[in-house]
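One structure below.
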Ligand code: NDP
Ligand code: OXD
């Protein structure tokens, strides 16, 4: 059995080592692969070139290195009938929750204002609100959104969430579908986007969405850059309707040098590092799934390509 790895070299080596240690029967080869395409049974990939996966006639499953599968769904030549599995693993989930808790606190504790005061050498207290006075609203109640809400719960924020299908989560006011969005936004002071990128979620963080948030709200985007209409965000920040934004993902990555976000005092940015799959823990999920398929059981976390996640 052979698995093709396509990711950056360093991470590819970490995956190869982790797989060798956990599943010695599985041979791994790195992309670009010059051998016989018929030999490849599985692919573990991040952003493969379009059409690449169609080259392997005996592919049994495609594993995404990350949680998002938009890098695969956008391939018009993705081989038909081969299941695509998204990444669900504890290291990735824990990393995202750390980032979201930090970003929520960054806004809750007025850190963008204190950074501005520091630059201006101003020593001044800003009256602090208790966590109970704010609502954190999570767009996306999947594996990552739910864990981040769990980690935020002990601080005492009001928690709300929005998903496609109805949910019931203790301590979280749940909304769903386009009919539930306005009510969800109306009370949300700190909006976190942890949605997958699909045709329905593209551009969802736009002028209308921002206008429905209370004045002074903050926006955190850790989903995908294609969900944010960047000019609309700049307009909402510059008109002081929004108090700030923390952005980890962008329409174009790396962010172009002349992009206004670089210099904007109310934007905090990171280079798509909110969380990363940890090969040492993720390998167990991949190995367990391959063993499941090899013994005739159903794979876990297969995405619905028609739905886009
Ligand atoms: P899941 O598939 O577990 O959850 C997706 C959630 O989004 C579900 O609750 C789903 O609703 C909801 N959703 C999808 N489409 C819609 C829609 N049209 N309207 C309302 N809700 C919708 O994904 P994960 O939690 O594992 O990951 C989420 C995303 O986070 C990834 O796709 C990726 O883009 C991003 N990510 C970013 C990282 C970074 O470093 N910045 C790292 C890892 C992931 P329902 O429950 O009803 O199906
Ligand atoms: C992911 C990512 O989808 O890192 O896992 O963006």
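The values are calculated or read from the model by the stated rules, or taken from the named source; none is laboratory data. Note that the structure is a prediction, hence the values are computed from the model and not measured. Note that we place each Cβ from the backbone using ideal geometry, even for glycine, and neighbour counts take in every protein chain shown.
A quick yes/no check of all residues on (1) within 13 Å of ligand 2 (Cβ to nearest atom); (2) over 25 Å from residue 100 (Cβ atoms):
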position	(1), (2)
225	yes, no
232	no, no
237	no, no
243	no, no
246	no, no
255	no, no
261	no, no
266	no, no
306	no, yes
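So if I check each of 268, 250, 210, which one is assigned to a helix (DSSP H, G or I), touching a residue at least 12 places away in the same chain (Cβ under 8 Å) and closer than 25 Å to residue 108 by Cβ? Even if it seems obvious, please write down each step before you answer.
On the way: 268 fails: assigned to a helix (DSSP H, G or I); 250 fails: assigned to a helix (DSSP H, G or I).
Checking each option against the conditions leaves just 210.
Tell me, please, whether a residue that is closer than 21 Å to residue 289 by Cα and in contact with a helix residue (DSSP H, G or I) (Cβ under 6 Å, 6 or more places away or on another chain) can be found in region 27-35.
yes
Look at residue 78 and say whether it is touching a residue at least 60 places away in the same chain (Cβ under 8 Å) and away from ligand 2 (no atom under 12 Å from the Cβ).
It is true that residue 78 is touching a residue at least 60 places away in the same chain (Cβ under 8 Å) and away from ligand 2 (no atom under 12 Å from the Cβ).
Residue 40 fails exactly one of the following numbered conditions: (1) out of contact with any helix residue (DSSP H, G or I) (no Cβ under 6 Å at 6 or more places or on another chain); (2) surrounded by fewer than 18 Cβ atoms within 10 Å (Cβ to Cβ); (3) more than 25 Å from residue 97 (Cβ to Cβ). What is the number of that condition?
So the condition that residue 40 fails would be (2).
Picking from 151, 60, which residue would you name as being modelled with pLDDT of 95 or more, more than 10 Å from ligand 1 (Cβ to nearest atom), closer than 28 Å to residue 166 by Cα and more than 12 Å from the chain's Cα centre (by Cα)? Give the steps one after another, and end with the answer.
On the way: 60 fails: closer than 28 Å to residue 166 by Cα.
None of the others qualify; the one that does is 151.
Every residue in region 73-87 that is within 19 Å of residue 197 (Cα to Cα) and part of a loop (DSSP other than H, G, I, E, B), please. I'd like the intermediate steps shown before the answer.
Start the filter on region 73-87 by keeping residues that are within 19 Å of residue 197 (Cα to Cα), which leaves 73-78, 83-87.
Scanning region 73-87 gives 74, 75, 76, 77, 78, 83, 86, 87.
Residue by residue through region 44-61, note down the ones that are more than 16 Å from residue 277 (Cα to Cα) and either in contact with a strand residue (DSSP E or B) (Cβ under 8 Å, 6 or more places away or on another chain) or outside any helix (DSSP H, G or I) (or both).
Step one: list which residues in region 44-61 are more than 16 Å from residue 277 (Cα to Cα), which gives 48-61.
The answer is 48, 49, 50, 51, 52, 53, 56, 57, 58, 59, 60, 61.
What are the residues in region 271-287 that are more than 16 Å from residue 143 (Cβ to Cβ) and in a helix (DSSP H, G or I), if any? Steps first, answer last, please.
Kept after step one, since they are more than 16 Å from residue 143 (Cβ to Cβ), are these residues of region 271-287: 271-273, 279-280, 283, 287.
Within region 271-287, 279, 280, 283, 287 qualify.
Which ranges mark the strands (runs of 3 or more DSSP E) fully within region 155-204 that have 2 or more residues being within 16 Å of ligand 2 (Cβ to nearest atom) and at negative phi? Let's see the steps before the verdict.
Values: elements: 158-163, 172-176, 190-193.
The strands (runs of 3 or more DSSP E) meeting that bar are 190-193.
Is region 179-192 home to any residue that is touching a strand residue (DSSP E or B) at 6+ places or on another chain (Cβ under 9 Å), touching a residue at least 60 places away in the same chain (Cβ under 8 Å) and crowded, with 17+ Cβ neighbours inside 10 Å?
Yes: region 179-192 contains one or more residues that are touching a strand residue (DSSP E or B) at 6+ places or on another chain (Cβ under 9 Å), touching a residue at least 60 places away in the same chain (Cβ under 8 Å) and crowded, with 17+ Cβ neighbours inside 10 Å.
Got a number for residues in region 88-129 being within 29 Å of residue 154 (Cα to Cα), away from ligand 1 (no atom under 16 Å from the Cβ) and either touching a strand residue (DSSP E or B) at 6+ places or on another chain (Cβ under 9 Å) or not in a helix (DSSP H, G or I) (or both)?
14
When you check residue 179 against the structure, is it over 17 Å from residue 219 (Cα atoms) and either at pLDDT below 95 or more than 8 Å from ligand 1 (Cβ to nearest atom) (or both), yes or no?
yes
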